[in-house]
Amino acid sequence: MDAWITVAAAFFQNLRSALQKHLKGRLSTTGATFSRFAYAAPLALLYAAALAALTEHDLPAPNPGFIAYAVVGGLAQITATALLLYSFSFRNFAVGTTYSKTETVQTAIFGIVILGDPLGLGAAAAIVISLIGVMAISVARTRMTFLGLLTSLAEKPALIGIASGAFFGLSAISYRGASLSLGEHGFLIRAAYTLACVTVFQTLVMAIYMRVREPGQVSAVLRAWRVSAWAGITGMIASACWFTAMTIQNAAYVRALGQIELVFTFAASILLFQEWPNRAEVIGILLVIAGILLLLLH
């Protein structure tokens, strides 16, 4: 079941990203990012309350472990996004973007160290295969080669990209840890409650930051509600699926399987825009699919 939930998460995340890209013409990068939280937070609260009412169970009570995991996860995700956006300011931003894709491997390492989540040899191989595929896709339309990518490892864009991937991985593990810390409640309730708390926290943090650093952007997000609301809705659905999947399963498995989003992206490019992939992209997408299949068969 968690496989289908992850596929749904990837699909709605892809849709949310398309909506946010549309918003970029009206809002700053931070404003477009904030829209996913601002409009998702009320929906996440309603989702958690509705689940509790339908299942006739009380919502979980927060504990120190939950609060610590939720705060770390929320801040880590914001930091990861900021670092990724910062990497775009460098001339060779492809290096930073590509190295940020090491998130899946770093998620696996954090999972072992922090939560003690086991990782079998077959799953580890699947994650590495799909990672190579993602990196191939990332450099497919640049002059960067794999050798050049490796020699750039000590450069600033690469280090920022790796740091971004590390914080994305830390956020995934923290969300799983927060959900698991809630004890005996059903996985849907735990995931929904974690999502609601984290989304509200991130909305407040970003609203304060934007008020100080980008005055007027909060109002701009509210004025662009027709598109922003849809970004919030699709983002909330995607997050609900991610949180649910990571409550059920090892976060590294979930993030690796979530790379099926790239398959959706390529399908949309071909079917809607008649944009055909080059040889490196085809090899990359085949490696991603091979890694996903290996993970599912593991």
Mind listing whichever residues of the range 246-263 are over 18 Å from Leu293 (Cβ atoms) and small (Gly, Ala, Ser)?
Ala251
Among the residues of the range 92-105, is there at least one that is closer than 19 Å to Gln259 by Cβ, touching a Gly at 6+ places or on another chain (Cβ under 8 Å), modelled with pLDDT of 85 or more and of a type in the set (Gly, Ala, Ser)?
no
Every residue in the range 234-268 that is of a type in the set (A, V, I, L, M) and buried (at least 24 other Cβ atoms within 10 Å of the Cβ), please.
Met236, Ala238, Ala240, Ala245, Met246, Ala251, Ala252, Val254, Ala256, Leu257
From the list Ser174, Ser164, Ser130, Ser138, which one is in a helix (DSSP H, G or I) and at pLDDT below 75?
Ser138
Is it true that some residue in the range 200-221 is surrounded by fewer than 24 Cβ atoms within 10 Å (Cβ to Cβ), in contact with a Ser or Thr (Cβ under 9 Å, 6 or more places away or on another chain) and among the hydroxyl-bearing types (Ser, Thr, Tyr)?
yes
Name the helices (runs of 4 or more DSSP H) wholly inside the range 198-298 in which the number of residues that are within 18 Å of the chain's Cα centre (by Cα) is 1 or more.
225-248, 251-257, 261-273, 279-297
Restricting to the range 23-54, name every residue that is assigned to a loop (DSSP other than H, G, I, E, B) and among the small types (Gly, Ala, Ser).
Gly25, Ser28
Restricting attention to the range 10-67, and to residues there that are more than 15 Å from Met206 (Cα to Cα) and touching a Gly at 6+ places or on another chain (Cβ under 6 Å), which single residue is modelled with the highest pLDDT?
Ala10
Any pair with Cβ under 9 angstrom, 6 or more apart, that starts in the range 260-280 at a residue that is on the phi < 0 side of the Ramachandran plot and among the polar types (S, T, N, Q) and ends at one that is assigned to a helix (DSSP H, G or I) and surrounded by 14 or more Cβ atoms within 10 Å (Cβ to Cβ):
Thr265/Asn14; Thr265/Ser17
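The values are calculated or read from the model by the stated rules, or taken from the named source; none is laboratory data. This structure is a prediction, so every number in the text was calculated from the model and none was measured. Note that we place each Cβ from the backbone using ideal geometry, even for glycine, and neighbour counts take in every protein chain shown.
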